[in-house]
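What follows is a set of notes on a single structure, which appears directly below.
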Amino acid sequence: MSNLSFVAPTRNSPWGTYLSQIDAVEPYLGHLARWVETLRRPKRALIVDVPIELDNGTIAHYEGYRVQHSLTRGPGKGGVRYHPDVTLEEVMALSAWMTIKNAAVNLPYGGAKGGIRLDPKVLSKKELERVTRRYTSEIGIIIGPQQDIPAPDVNTNGQIMAWMMDTYSMNVGATATGVVTGKPIALGGSLGRVQATGRGVFVIGREAMRRLNIDMEGARVAVQGFGNVGSIAAKLFAASGARIVAVQDHTGTILNERGFDMQNLLDHVAQTGGVAGFSGGDAIANEDFWKVKSDVLIPAALEGQINKERAEGLQTRLVLEGANGPTTPDGDAVLADRGIVVVPDVIANSGGVTVSYFEWVQDFSSFFWTEDEINVRLDKIITGAFKHIWDVSEQHRVSLRTAAFVVACTRVLEAREERGLYP
């Protein structure tokens, strides 16, 4: 396990999960293995205090983080999440997975991630704005269009990114649209960005199903998490002939063996804030979601969802990781033993960061592409990356996850070797 003094990971905790993935890839790195320890240590971890005045006049303090795992291949890139359970260890793991993801898709970025320990649902819009602006000012010493570019993640969105961009711009004295991605279109955001992660899950899923001879028409799909990623992926699968038979979110779990009417479900979620109470399906126990028979399972919520016990009960052929780190090492081992194919997060949900890259490029050039151009470029990049990972998987006879790490770690460590150590 890591001998870093500031975290105490366990085997299935986020950083422990990441370390076990690095352990698995090390035998395939050849002469580059001498540099592998750089992947087990984040380059920089910043913990900040975020004090704000609440609407009632009291002062509240929140703990904020920004971790830059690797800047070897380019500026840091990764989202910011607002969640009461965010920890330094979690943000470290998420930043490390961003390093892997960016390298697996061959984007010119390193990996970074940020977060604030808070429940955004209990703050007013004005309080959220204050906490966002203060956090941005606190981490402003390490972010920037050429240093580290945040983006939306769990419980953050285009409005949060607009406040971050404005705060950074005010602090440096010039409008810097490229400091964040996932911005509103009016502020230099990219067409197709909001749908990009869910679209990427669908495109990669379609490619994997083709290779596994799973017919899209009538395929049974179960989706955990019905936010930006899960709902868009579900909509695209349904539009291509698949049946969405089970959906779970923070409000509950619903089942319909014939497949949900997606538009009605999306309308219900827009009105009520969750899938619970939807008349077009039956409510089932949350734990029973993991026993639903499916061809494709999409965990698109939080990390650590598919543990050993749930993996033993899964009745699916293909797991598409829409979330970051949804499968624990113990769960991964069970799925491998059972012959269930897992398309790892670092390629399955890479659509978001790919279109974030397009947004960043468009901001620098002040020249913007159409949504069709965005989608064509997105599909080409991620399907090419997936084909390469699939080929490496077959070549080494390893899981798609290990293959993705072989591809990504090789790219990162080759760059590290070429750059050398300064001074």
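Charges were assigned to the Cβ only: +1 to each Lys and Arg, -1 to each Asp and Glu. The resulting dipole of the chain about its Cα centre is roughly 680 debye. Looking at the chain alone, DSSP beta bridges between its own residues are antiparallel in about 50 percent of cases. The residues packed around Glu414, meaning those with a beta-carbon under 14 Å from its beta-carbon, carry a net charge of +3 if Lys and Arg are +1 and Asp and Glu are -1. Report summary: the helix-based calculation at 222 nm, which adds -39500 (n - 2.57) for every DSSP H run with n ≥ 4 and divides by the residues of the chain, gives -14000 deg cm²/dmol.
Computed about its Cα centre, the charge dipole of the range 36-137 is approximately 500 debye, with only Lys, Arg, Asp and Glu carrying charge at their Cβ.
Lysines within cross-link reach of Lys291: Cα-Cα under 25 Å, excluding same-chain residues under 8 positions apart? By straight Cα distance, Lys291 reaches Lys235, Lys308.
Averaging Cα coordinates gives a centre for the range 361-415 and one for the range 4-24; these two points are 25 Å apart.
Would you rank Asp330, Asp267 by solvent-accessible area, highest first, keeping every protein chain in place and using a 1.4 Å probe?
Asp267, Asp330
By the rule of a C-alpha distance below 28 Å, with chain neighbours fewer than 8 residues away ignored, the lysines paired with Lys43 are Lys77, Lys101, Lys113, Lys183. When the charge dipole of the chain is built from unit charges on Cβ atoms (+1 for Lys and Arg, -1 for Asp and Glu) and taken about the Cα centre, the candidate among Val25, Ser13, Ala336 whose Cα reaches farthest toward its positive end is Val25. Each Lys and Arg Cβ is given +1 and each Asp and Glu Cβ -1; about its Cα centre, the range 111-228 then shows a dipole of about 140 debye. Centre-to-centre, using Cα atoms only, the range 242-312 and the range 80-142 are separated by 27 Å.
The values are calculated or read from the model by the stated rules, or taken from the named source; none is laboratory data. Bear in mind that the values here come from a model prediction, so they are computed numbers and not experimental data. Cβ coordinates were reconstructed from backbone atoms using ideal geometry, including for glycine residues, and neighbour counts include every protein chain displayed. The accessibility values were calculated without ligands, DNA or RNA, using every heavy atom of the protein model including side chains. Shrake-Rupley method; radii C 1.70, N 1.55, O 1.52, S 1.80 Å.
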